[in-house]
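Shown next, in structure tokens, is the structure this report addresses.
The values are calculated or read from the model by the stated rules, or taken from the named source; none is laboratory data. Predicted model only: the values in this text are computed from it and were never measured. Neighbour counts are summed over all protein chains in view; Cβ atoms, including those assigned to glycine, are modelled from backbone coordinates with ideal geometry. With ligands, DNA and RNA removed, areas are computed over all heavy atoms of the protein, side chains included. Shrake-Rupley method; radii C 1.70, N 1.55, O 1.52, S 1.80 Å.
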Amino acid sequence: MRIAEISSPELRPLQRETEANNRSLSHIEAIVKQLETLTAHKPPPETTTSDLRQCLTQLSQLAPFPNSLKLQIWKLSYRLWNACVDISNTTAIRSSSSATTESQAELRHIAADLLSIAGEVAGVPSPAIKSASFYHKTGLIWHNLRKFDLAAKCFERATDLVSKLDINSIVDAGERKLLLDLNLARSRTAWEVQDPSLSVALLNRSKSFLFGSCDHYADLAKQFMAFGKRVLSNSGADAIREALKLMNEALETCEKGFDTARTREEKVEIRGLRWKALRFIAAIHLQKEEYESVIKCVKVLRDSADGGDEHPSLSVLAMKAWLGLGRHGEAERELRGMVIDRGIPEGVWVSAVEAYFAAAGTAGAETAKGVFLGLLGRCHVSAGAAVRVAHRVAGGGGEGGRVRAKVVAELVSDERVVALFAGQDAAKDRVAMHAVLWNCGADNFQSKDYETSAELFEKSMLYIAHDTENKILRAKGYRVLCLCHLGL
């Protein structure tokens, strides 16, 4: 035996451990090299993930490691991560299946675990932050894949790593942002697994990671608002109360964030979020029938700096609140104000007209007609919107029904309204408008109001196409007109 091969019994376990480490690292490096050489048309072998996980298990049993070995593990982790990025970029070009995406997530998870096993290494700044960043990015991928258990596991591991740090000593903007993003990500995942209490608790905990940054305040406010909107989609008094609480948190966060804004862009963004939160709060108060609170919110929004908020929903919120308070004059002013605002979508003002008429009844029929005709000259109005308004105003029979029927007859005979139904594209809406007018005329005929009935039947013929297919329908119209005139 050579002298160089003789070793003391104390060194033999260390040698065996070193050899085991080298074998595991060599195997990992060989797999990483294989991943680095993959092309867009050659996916990773199916056994890659299991082989890497087996090597990782063997390696974890041999910790702790000397600094030189730690550095080697870190390099392999980054090489594996970068290989995953390259593979993701190439697979994004072609259609990638969910199975392929999960495989990429598993490889990134292994890269994060490698950093965690290695621990702190001399010469690498902020090792805990870097390791937490790997877990955070991997958790986001798992979350998008709806693997919420794996996402939560990554986020919790990242939280454990950064919890040992003194956050006041962290000065790098990116590292500070990671602390906030990590809490927000954990909160979203907890929400998905039906744990809203933990979600809200994590959001409140995030307040300690804002570091006086306007962007941080904006991100936190957006998350409070997102949860509030999701709660608001549920029914029940408890859901409304919880949504209001979350929106108030978003509003408070925006107000604090505005004080930290330095640039004009930051102020515009945070002010826009504040206005959005206030609009949601106003909508919640409207749902709770707290009309005075709605008016207060709208007043604050309109009286804000830089001209105030001009969102189209404000007129609708204010109009419905005034209607709830029984102040129809103010509601009518809000409704007429919509004619001036070109930015209000069709569905919004049609809904507002319907709401106003439902509350004002017959007294609001003339206003509804005037608003609709006023809108015709200022924005695009569809035939479907005309049908909705006519159907709402027509209502039923009786004395009030006669007044409404007169208004409908004037509305539908306006040449601008008739022009909406020209062309083959409006064929279905033309049939619908004819049905509205015919049914309204039939109701008045049954109540022996032949004059009103005749007017409605006559107007309904404006919505019958002049073709062979509708010849019978036109003949039917003339017959009922004859009956009405006989009745007179």
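The set of residues in segment 57-89 being among the hydrophobic types (A, V, I, L, M, F, W, C), within 18 Å of Thr138 (Cα to Cα) and crowded, with 17+ Cβ neighbours inside 10 Å consists of Trp74, Leu76, Leu80, Trp81, Ala83, Cys84, Ile87. Consider segment 170-215 and keep the residues that are touching a Ser or Thr at 6+ places or on another chain (Cβ under 9 Å), at pLDDT 90 or above and among the β-branched types (Val, Ile, Thr). The one that is surrounded by the fewest Cβ atoms within 10 Å (Cβ to Cβ) is Val200.
Conditions (1) touching a strand residue (DSSP E or B) at 6+ places or on another chain (Cβ under 7 Å); (2) at pLDDT 85 or above; (3) closer than 30 Å to Lys267 by Cβ; (4) open to solvent by less than 60 Å² (accessible area, probe 1.4 Å), marked per residue:
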| position | (1), (2), (3), (4) |
| --- | --- |
| His285 | no, yes, yes, yes |
| Cys297 | no, yes, yes, yes |
| Glu310 | no, no, yes, no |
| Leu317 | no, yes, yes, yes |
| Gly329 | no, yes, no, yes |
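For (1) more than 20 Å from Ile170 (Cβ to Cβ); (2) open to solvent by 30 Å² or more (accessible area, probe 1.4 Å); (3) in contact (Cβ under 8 Å) with a residue 60 or more places away in the chain, each residue gets a yes or a no:
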site: Ala118; (1), (2), (3): yes, no, no
site: Ser126; (1), (2), (3): no, yes, no
site: Ile129; (1), (2), (3): no, no, no
site: Leu140; (1), (2), (3): yes, yes, no
site: Asn144; (1), (2), (3): yes, yes, no
site: Phe148; (1), (2), (3): yes, no, no
site: Cys154; (1), (2), (3): yes, no, no
site: Arg157; (1), (2), (3): no, yes, no
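When the criteria are applied in full, Glu265 fails the requirement of being open to solvent by less than 90 Å² (accessible area, probe 1.4 Å) and among the charged types (D, E, K, R). What about Ala383, is it touching a Cys at 6+ places or on another chain (Cβ under 8 Å), modelled with pLDDT of 75 or more and over 21 Å from Leu286 (Cβ atoms)? The answer is no for Ala383.
Applying the condition of being charged (D, E, K, R) and in a helix (DSSP H, G or I) to segment 100-149 and asking which residue is modelled with the lowest pLDDT yields Glu102.
Quick check: is even one residue across segment 333-342 at pLDDT below 75, in contact with a Pro (Cβ under 9 Å, 6 or more places away or on another chain) and within 22 Å of Ala282 (Cα to Cα)? Yes, there is a match, as at least one residue in segment 333-342 is at pLDDT below 75, in contact with a Pro (Cβ under 9 Å, 6 or more places away or on another chain) and within 22 Å of Ala282 (Cα to Cα).
What is the one condition in (1) surrounded by 15 or more Cβ atoms within 10 Å (Cβ to Cβ); (2) farther than 22 Å from Ala63 by Cα; (3) more than 31 Å from the chain's Cα centre (by Cα) that Ile167 does not satisfy? Among (1) surrounded by 15 or more Cβ atoms within 10 Å (Cβ to Cβ); (2) farther than 22 Å from Ala63 by Cα; (3) more than 31 Å from the chain's Cα centre (by Cα), the lone unmet condition for Ile167 is (1).
Among the residues of segment 27-42, write down those that are surrounded by fewer than 16 Cβ atoms within 10 Å (Cβ to Cβ) and closer than 13 Å to Leu107 by Cβ.
Within segment 27-42, Gln34, Glu36 meet the criteria.
Of all residues in segment 28-39, those that are over 16 Å from Ile73 (Cβ atoms) and in contact (Cβ under 8 Å) with a residue 24 or more places away in the chain have Cβ atoms under 6 Å from Cβ atoms of residues that are open to solvent by less than 30 Å² (accessible area, probe 1.4 Å) and in a helix (DSSP H, G or I), 6 or more apart or on another chain, in Leu35/Ala83; Glu36/Ala83. Only a single criterion out of (1) touching a residue at least 12 places away in the same chain (Cβ under 8 Å); (2) part of a helix (DSSP H, G or I) is not satisfied by Leu165, namely (2). Among the residues of segment 413-466, the ones that are at positive phi and without any contact (Cβ under 8 Å) to a residue 24 or more places away in the chain come to 1 in all.
Taken across segment 386-398, residues that are more than 22 Å from Ser351 (Cα to Cα) and part of a helix (DSSP H, G or I) do occur, with at least one present. When residues in segment 435-464 are screened for being open to solvent by 50 Å² or more (accessible area, probe 1.4 Å), modelled with pLDDT of 90 or more and either hydroxyl-bearing (Ser, Thr, Tyr) or under 19 Å from Ala419 (Cα atoms) (or both), 2 of them pass. From the list Ser187, Ser235, Ser208, the one residue that fits, being more than 29 Å from Leu107 (Cβ to Cβ) and assigned to a helix (DSSP H, G or I), is Ser208. Scanning segment 43-55 for residues that are surrounded by 18 or more Cβ atoms within 10 Å (Cβ to Cβ) and either assigned to a helix (DSSP H, G or I) or at pLDDT 90 or above (or both) yields Thr48, Thr49, Leu52, Cys55.
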